[in-house]
Amino acid sequence: MIIDLISDTVTRPTKGMLDAMMTAKVGDDVFKMDPTVNALQEKAAAMFGMEDALFFPSGTMANQTAIKLHTQPGDKLICDKYAHVYNYEGGGAAFNSGVTCKLIDGNRGMFTAEQLQEAVIGRADIHVPYSRLVCVENTTNKGGGACWDFSELEKLKKISKENNLAFHLDGARLFNALVAKNETPKQYGELFDTISICLSKGLGAPIGSILLGSKQHIAKALRIRKLLGGAMRQVGFLASAGIYALDNHIERLAEDHQKAKEIGAVLATAAYVTKLEPIETNIVIFYVDEKIGADTFIKKMKDKNILLTPMGEGRIRIVTHLDYTDIMHKILLKELKSF
Ligand SMILES: *Cc1c(COP(=O)(O)O)cnc(C)c1O
């Protein structure tokens, strides 16, 4: 048995999800004639109280499309130094949109309204790139699954509005935040111009993301998605997995969070752990003693069929998910205790 804790993207579709996929009604989505894709998009838009939604093959493409539709080449987007849009999308902001990123030195992937206010200064000066877009990530990936304080997001929205900046949420793991903080999709729908959500992370679908926004924004997004090669044909087979995930796999994220906390409780008392980040959702980030080293620790766990990820600078990441069972959890806790 392999205990794969590398990411919440490693899950396989459940039996129920596979059945839904196999029996999906499909059509050519490029002609908007796939009923299952249309149903998923309508469902997501209704959940968030937003006008429209568009299915994407990946979260990266959904985020990159959002950046493209909000900016012109030479503009600047503002995000945290840990942001996925900056660190993990292959430099796509520059490649696809010709924009530069202003990085805020935040805390665990989150920044304050004061920091944003500082970052937007200089807007009217022809020498500086125009600030056009603010990107926020919730939960933060590199920040260890941290959740924003909603009141801080409201302050960011106010500053964005005052400065005529678009406000985009990279919500790849937004449902983890909603469950952990007891918030609703509609709260977020009211706040942001565009939101991307991943169906293929904690929600357990094999493929797929959604971009939400106004009718106007999504009409633009449709064109950009085509341009990026992301318009697909009978993709209802995947969209049905997304519908199944939204119907069945949101509340259960609390189980992943509970397991992550229990892993954290063991690590907190382990002699070899030098630092443990706070655990709010399904991501655990910790540092091991330099005498052992992250690479050796990961290798020794791999020898026991337990897979973990290095996150640089001695950080190790564990991500709990749908396919991480109670039995696996027991084994992992035992191995972490006895290491
Ligand atoms: C996974 C992830 C994405 C999208 O990744 P894809 O692999 O392209 O689907 C975007 N943002 C964050 C924060 C993520 O964790």
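Table for the structure above
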{"item": "Share of pairwise Cα separations in region 15-248, more than 24 Å, in percent", "result": "41 percent"}
{"item": "Selected from ALA172, ALA205, ALA113 as most flexible by GNM, with the chain as the system and alpha-carbon contacts under 10 Å", "result": "ALA113"}
{"item": "Free-standing Cys, the chain [no other Cys Cβ under 4.7 Å]", "result": "CYS101, CYS147, CYS198"}
{"item": "Two-decimal log10 I(q)/I(0) for region 173-218, as the Debye equation yields it once each C-alpha is a single scatterer, q = 0.16, 0.28 Å⁻¹", "result": "-0.47, -1.07"}
{"item": "Per residue solvent-accessible surface (Å²) - region 15-248, probe of 1.4 Å", "result": "41 Å²"}
{"item": "Residue-count net charge about LYS302 - beta-carbon cut-off 15 Å; Lys, Arg +1, Asp, Glu -1", "result": "0"}
{"item": "For the chain, built as a Gaussian network whose Cα springs stay under 10 Å, the top-fluctuating residue of ALA124, ALA239, ALA270", "result": "ALA124"}
{"item": "Candidates ASN248, ASN63, ASN138: whichever shows maximal mean-square fluctuation once the chain is modelled as a Gaussian network with Cα springs under 10 Å", "result": "ASN248"}
{"item": "LYS201, LYS158, ranked by accessible area, largest first (probe 1.4 Å)", "result": "LYS158, LYS201"}
{"item": "Apportionment of accessible area to carbon and sulfur, the chain, percent (1.4 Å)", "result": "54 percent"}
{"item": "Eligible lysines near LYS261 by straight Cα distance, threshold 16 Å, same-chain separation 8 or greater", "result": "LYS181, LYS275, LYS330, LYS334, LYS337"}
{"item": "Mean projected area in nm² (Cα convex hull; one quarter of hull surface) for region 25-157", "result": "9.6 nm²"}
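The values are calculated or read from the model by the stated rules, or taken from the named source; none is laboratory data. Computed from a predicted structure; not experimentally measured. Cβ atoms come from the backbone with ideal geometry, glycine included; neighbour counts cover every protein chain shown. We work out accessible area using only protein heavy atoms, side chains counted, and drop any ligands, DNA or RNA first. Shrake-Rupley method; radii C 1.70, N 1.55, O 1.52, S 1.80 Å.
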